[in-house]
Amino acid sequence: MKRSIDELLLTPYWIIDILPEQVPKDSPGQYFAVEKYYLAGDRLAEIKQKHINVILKLNCFRDISLDEETSLNPPPERIDEEMRSRYLCIMTGGSMIISEPDDTYMTLYNPDKKLLELVRTLASGEGLFVWKGK
């Protein structure tokens with residue numbers, strides 16, 4: 001049985017990110033300056049393209065829908081356009097990936113073992129990392 005978006009938001013989640021793990025609050029580095037750098041100019045568009053690539057490749061293996069639509073597997077061009085323009089819930093089976101146009105990460109909720117392994121492989125191919133959220 002498929003879960004609603006609200007139910008999935010309460011499940012375990014993983015982060016698909018440009019960094020290999022969450023930056024500690026007491027990190028001596030300059031996280032906010034680096035984040036600002038990645039959010040500027042074409043750099044964010046390059047990261048968003050990696051996110052889109054992960055989702056499109058995932059769609060080769062799994063049915064997906066956008067938000068809580070009942071129709072499956074929208075055209076790749078629509079997936080691309082939606083991911084670039086708005087907050088989007090990408091549903092696949094009993095799992096969900098949240099994408100926002102102005103973030104350097106996506107959030108994967110409630111993946112089964114096989115989906116998590118597949119997303120890790122696809123993300124790695126795009127130079128992204130997948131780590132457990134807290």
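Taken together, the residues in the stretch 29-43 that are of a type outside the set (A, V, I, L, M), more than 14 Å from Leu19 (Cβ to Cβ) and exposed (fewer than 10 other Cβ atoms within 10 Å of the Cβ) amount to 2.
When the stretch 91-122 is filtered for residues that are surrounded by 15 or more Cβ atoms within 10 Å (Cβ to Cβ) and farther than 17 Å from Pro12 by Cβ, the ones remaining, listed by number, are Ser99, Glu100, Pro101, Asp103, Thr104, Leu122.
Annotation note: Cβ proximity below 7 Å between a residue of the stretch 30-42 that is free of Cβ contacts under 8 Å to residues at least 24 places away in the same chain and part of a helix (DSSP H, G or I) and a residue that is hydrophobic (A, V, I, L, M, F, W, C) and surrounded by 10 or more Cβ atoms within 10 Å (Cβ to Cβ) (sequence gap 6+ or interchain) occurs for Tyr31/Val23. When residues in the stretch 65-87 are screened for being in contact with a Ser or Thr (Cβ under 6 Å, 6 or more places away or on another chain) and surrounded by 19 or more Cβ atoms within 10 Å (Cβ to Cβ), 1 of them pass.
Any chance you could count how many residues in the stretch 19-77 are of a type in the set (Asp, Glu), more than 18 Å from Cys89 (Cβ to Cβ) and more than 16 Å from the chain's Cα centre (by Cα)? First the steps, then the outcome.
Keep residues of the stretch 19-77 that are of a type in the set (Asp, Glu), which gives 21, 26, 35, 42, 46, 63, 67-69, 77.
Among the residues that remain, those that are also more than 18 Å from Cys89 (Cβ to Cβ) are: 21, 26, 35, 42, 46, 77.
Now narrow it down to the ones that are more than 16 Å from the chain's Cα centre (by Cα): 26, 35, 42, 77.
The total comes to 4.
Only one of the listed residues (Thr121, Thr70) is over 20 Å from Ile18 (Cβ atoms) and either among the β-branched types (Val, Ile, Thr) or assigned to a helix (DSSP H, G or I) (or both). That residue is Thr70.
Scanning the stretch 1-27 for residues that are of a type in the set (Asp, Glu), part of a loop (DSSP other than H, G, I, E, B) and in contact (Cβ under 8 Å) with a residue 60 or more places away in the chain returns a single hit, Glu21.
Bear in mind that the values in this text are calculations on the coordinates, not laboratory data. These numbers were taken from a predicted model, which means no experiment stands behind them. As a convention, Cβ positions derive from the backbone with ideal geometry for all residues, glycine included, and neighbour counts pool all protein chains shown.
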